[in-house]
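Novice: I am attaching a structure below and will ask some questions about it afterwards.
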Amino acid sequence: MGFLGAELSAVGVGTCEILLPFQESLTQQHGFFHGGVIATLADNAGGFAAYSQMAEDEQPLSVEFKINLLAKAVGECLVARARVIQNGRRIKVSQADVFVQADGVEERCATALVTVIATKIAGMP
């Protein structure tokens, strides 16, 4: 996320928000935020929301996600907001919505379902 310039702006129990300011290097051929960047934000927001409901010795790993790109993402910033909608013992499912901000207005440009497994990884905190 640091490579993209994204910032974790809020985390709560079962929720997460990530901000990403516009950079030309993150666009596709028409100057919109690239769909892969939008998907990355959705996956990370969903994963962090799930992580907030895991035990201290567990780490999140995405096992599946589905994304719908709903509108072209033209603006100054992307905002991904996720919340856990199913908090199982090992499997968590988050809904992540990505919004593009332009001239003080937000428009939803994507929505995703992110499935995450809580796992213990050797050598990880």
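All of the numbers you see were taken from the coordinates with simple rules; none came from a lab. Here the structure is a predicted model, which is why all the values come from computation and not from measurement. Please note: Cβ atoms are built from the backbone with ideal geometry, for glycine as well, and neighbour counts cover all protein chains shown.
Novice: For Cα pairs less than 8 Å apart in space and 6+ apart in sequence, what is the mean separation divided by the residue count of segment 7-119, i.e. the relative contact order in percent?
Specialist: Values: 293 pairs, mean separation 34.0, N = 113.
Relative contact order for segment 7-119 comes out at 30 percent.
Novice: Taking only DSSP H segments of four or more residues, each worth -39500 (n - 2.57), what value at 222 nm results for the chain once the sum is divided by all its residues, to the nearest 500 deg cm²/dmol?
Specialist: On the way: 1 runs with 17 residues, N = 125.
It lands at -4500 deg cm²/dmol.
Novice: I would also like to ask the following. Can you give the local net charge around residue 101? Use residues other than it whose beta-carbon is closer than 10 angstrom to its beta-carbon, Lys and Arg +1, Asp and Glu -1.
Specialist: On the way: positive: none; negative: 76, 103, 106, 107.
Result for the neighbourhood of residue 101: -4.
Novice: Which one of 21, 67, 32 has its Cα pushed farthest toward the positive end of the charge dipole of segment 7-119, where Lys and Arg give +1 and Asp and Glu give -1 at the Cβ?
Specialist: 67
Novice: Compute the long axis of helix 35-51 from its Cα atoms, compare it with the longest principal axis of the Cα atoms of the chain, and write down the angle in degrees, 0 to 90, nearest 10.
Specialist: Compared with the principal axis, the helix lies near 30 degrees.
Novice: Let me ask something else. Lys and Arg at +1, Asp and Glu at -1: add these up for the other residues within a Cβ distance under 9 Å of residue 71 and post the number. Don't skip to the answer; put the middle values down first.
Specialist: Values: positive: 72, 108; negative: 107.
The answer is +1.
Novice: For residue 72, which aspartates and glutamates qualify as cross-link partners when the Cα separation must be under 12 Å and same-chain residues fewer than eight apart are set aside?
Specialist: 107
Novice: Hey, rough spin-label estimate for residue 55 and residue 70, points 7 angstrom out along Cα→Cβ, what's it come to in nanometres?
Specialist: So the two model labels end up 3.7 nm from each other.
Novice: May I ask for the longest run of the chain untouched by GluC sites (Glu not before Pro) that are loop-located per DSSP and have at most 12 neighbouring C-beta atoms (other than their own) within 10 Å?
Specialist: Working: sites that count: 56, 76.
With GluC sites (Glu not before Pro) excluded where exposed in loops, the chain gives 1-55 as its longest stretch.
Novice: Here is a follow-up. Out of 38, 85, 18, any idea which swings most in a Gaussian network model of the chain, alpha carbons joined below 10 Å?
Specialist: 85
Novice: Compute the FRET efficiency between residue 19 and residue 62 as 1/(1 + (r/R0)^6), taking r as their Cβ-Cβ distance and R0 = 22 Å, and round to the nearest 0.05. Provide the component values of the computation, followed by the final result.
Specialist: Details: r = 20 Å, r/R0 = 0.92.
Between residue 19 and residue 62 the formula returns 0.60.
Novice: Would you list, by chain and number, the aspartates and glutamates whose Cα falls below 12 Å from the Cα of residue 120, excluding same-chain residues fewer than 8 positions away?
Specialist: Leaving aside aspartates and glutamates fewer than 8 places away in the same chain, those within reach of residue 120 are 56, 57, 58.
Novice: Another one. For residue 5, what charge total do you get from the other residues with a beta carbon under 15 Å from its beta carbon, if Lys and Arg give +1 and Asp and Glu give -1? Display every interim value, and only then the final one.
Specialist: Details: positive: none; negative: 7, 24, 76.
Here the count lands on -3.
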